[in-house]
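Report on one structure; see the data block that follows.
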Amino acid sequence: MARPRTIFVCQNCGAVSQRWQGKCDACGEWNSIVEESEAAAAPLPGGGRARKGRPFALEALTGETNDAPRLPVGIAELDRVTGGGFVRGSVLLLGGEPGIGKSTLLIQAAAALARHKHRVVYISGEEATAQVRLRAGRLGLADAPVELAAETSIEDILATLAQGSTPRLVIIDSIQTMWTEAVESAPGTVTQVRASAQALIRYAKASGACIILVGHVTKDGQIAGPRVVEHMVDAVISFEGEGGHHFRILRGLKNRFGPTDEIGVFEMTGGGLAEVANPSALFLEGRDVGAAGTAVFAGMEGTRPLLIEVQALVTPTALGTPRRSVVGWDQSRLSMVLAVLEAHGGLRFGQHDVYLNIAGGLRIVEPAADLAVAAALVSSLSGGRLPHDSIYFGEISLSGAVRPVVQSASRLKEAAKLGFGGAVVPAATVENDALLTARIARIGDLVADIAGRSVSKTQSDRSDVTD
Ligand code: TYD
Ligand code: MG
């Protein structure tokens, strides 16, 4: 009998090489390559001879579907990210670091659906049933008729699911603990994770059940990352949050049946994950009103406006090369804003360390944050306080012009709703009377305006700041 060939598979990206290496050539990850025996595919029926193809019926686009194609969970923040509920026969991957709250969110979703008389099966490959029960009890969900098991064998799971009526939702927590007899590799390896996911996807498509796979994201690459199944599933959602903060963001990364730019905001409480209907209020909580170096940015996450505090600290440097440190924003975008402020605003940052932080541990990707970042930087450098009840948005171009951004009306409306009285916006922004707006055409105007405040600092102490 031929010896099974061994191959070396990167557990981070799934790249295959013929020999072991310390660093993966494909993704650059270190120590992520593991020896696996080549996937011994299930033996072909008929003694190894490929069988002749069998023709199948082709269908029209306008087909009959009996059941509602979507299954809303009733947790609005979750439904928003999936695009209105789980789609029948689809497979969704929920990725996130260990301990972020994936199991908590899913047991809450499972219980919500089970209470609406849907058959929900929760397979835990990591925790014993007693542990899952204990958590459900603590969350006040013990009465929900969720069907629970602690299993890791794909063959056994599929055999169990085939009994009784087809479940509407199956949760597999996590895909990295599953293993199938179809391949020989150890559980947790790329080959096993892929083969297990494939079997579950086949089941979902054939039965119409919706499957959620939990995938741990680990930095050390000891277990295969969720990346290796991302392209196979219908939707990928990541659950994020900063260690020290209590809120969590659910973010759609890929969705064959809905939008990918929506976020869901949750707060981790003693009683599980609570929906945050008004995230702006949460992100502005405990704001240092009136301090120099902070500006409120009116951003958009998908269709939802979100007010976020941008903090900057500009201090004289003791180093030869000044520090540029960013949390929650793009490092190169900061360099660009600094360069534009130097070239078109007449400011000098060369002798200063610059620290930029997005409050609350949120990550912003919108270029519309440029103006808020610039305002915070200028304010910190000059010591001029910004009006505490104004919001900022606008994109800065390399020429120093402040360009308009999309959805200005929603941004201004959200600010007015939260009690802000003013807005500093690009000059070309369409008229809106919700707030008193200061229109900025060039970055130099912003610098002049803020620097003007630092001169009349004692005055503004009295009129601008409410302590
Ligand atoms: P968990 O859902 O087990 O994370 P994951 O499945 O992503 O690994 O959540 C773990 C963390 O959540 C744990 O550190 C404790 C915290 N937690 C709460 O703060 N409140 C709660 O009600 C629950 C259930 C968990
Ligand atoms: Mg878990």
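Observations
- Within the range 124-134, the presence of a residue that is surrounded by 13 or more Cβ atoms within 10 Å (Cβ to Cβ), without any contact (Cβ under 8 Å) to a residue 60 or more places away in the chain and more than 16 Å from ligand 1 (Cβ to nearest atom) is excluded.
- Breaking point among (1) in a loop (DSSP other than H, G, I, E, B); (2) at pLDDT 90 or above, for residue 340: (1)
- From the list 328, 350, 346, the one residue that fits, being of a type in the set (Gly, Ala, Ser) and surrounded by 13 or more Cβ atoms within 10 Å (Cβ to Cβ), is 328.
- Number of the condition not met by residue 129 [criteria: (1) within 21 Å of residue 199 (Cβ to Cβ); (2) at pLDDT below 95; (3) hydroxyl-bearing (Ser, Thr, Tyr)]: (1)
- Hey, residue 181 within 30 Å of residue 27 (Cα to Cα) and either in contact with a helix residue (DSSP H, G or I) (Cβ under 7 Å, 6 or more places away or on another chain) or open to solvent by less than 60 Å² (accessible area, probe 1.4 Å) (or both) or not: yes
- Test set (1) within 16 Å of ligand 2 (Cβ to nearest atom); (2) part of a loop (DSSP other than H, G, I, E, B) - residue 348 fails condition number: (1)
- Residue 193 being surrounded by 20 or more Cβ atoms within 10 Å (Cβ to Cβ), more than 16 Å from ligand 1 (Cβ to nearest atom), assigned to a helix (DSSP H, G or I) and on the phi < 0 side of the Ramachandran plot: yes
- Any hit, the range 100-117, residues being more than 27 Å from the chain's Cα centre (by Cα), without any contact (Cβ under 8 Å) to a residue 12 or more places away in the chain and either on the phi < 0 side of the Ramachandran plot or open to solvent by 20 Å² or more (accessible area, probe 1.4 Å) (or both): yes
- Residue in the range 163-176 that is more than 16 Å from ligand 2 (Cβ to nearest atom), open to solvent by 40 Å² or more (accessible area, probe 1.4 Å) and not in a loop (DSSP other than H, G, I, E, B) present: no
Condition check ((1) open to solvent by 50 Å² or more (accessible area, probe 1.4 Å); (2) over 25 Å from residue 332 (Cβ atoms)) across all residues:
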| residue | (1), (2) |
| --- | --- |
| 377 | no, no |
| 385 | yes, yes |
| 389 | yes, yes |
| 393 | no, no |
| 400 | no, no |
| 405 | no, no |
| 408 | no, yes |
| 413 | yes, yes |
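- For the range 69-85, the criterion of being without any contact (Cβ under 8 Å) to a residue 12 or more places away in the chain and within 16 Å of ligand 1 (Cβ to nearest atom) is satisfied by no residue at all.
- Among (1) at pLDDT 90 or above; (2) under 19 Å from the mean Cα position of the chain (by Cα), the one test that residue 198 misses: (2)
- Counting only strands (runs of 3 or more DSSP E) that sit wholly inside the range 389-456, those with at least 3 residues that are in contact (Cβ under 8 Å) with a residue 40 or more places away in the chain are 390-392, 422-426.
The values are calculated or read from the model by the stated rules, or taken from the named source; none is laboratory data. On a predicted model such as this, the values are computed, not experimentally measured, just so you know. Using ideal geometry, Cβ is built from the backbone for each residue, glycine included, and neighbour counts are taken over all protein chains shown. Heavy atoms of the whole protein, side chains included, go into the accessibility calculation; ligands, DNA and RNA do not. Shrake-Rupley method; radii C 1.70, N 1.55, O 1.52, S 1.80 Å.
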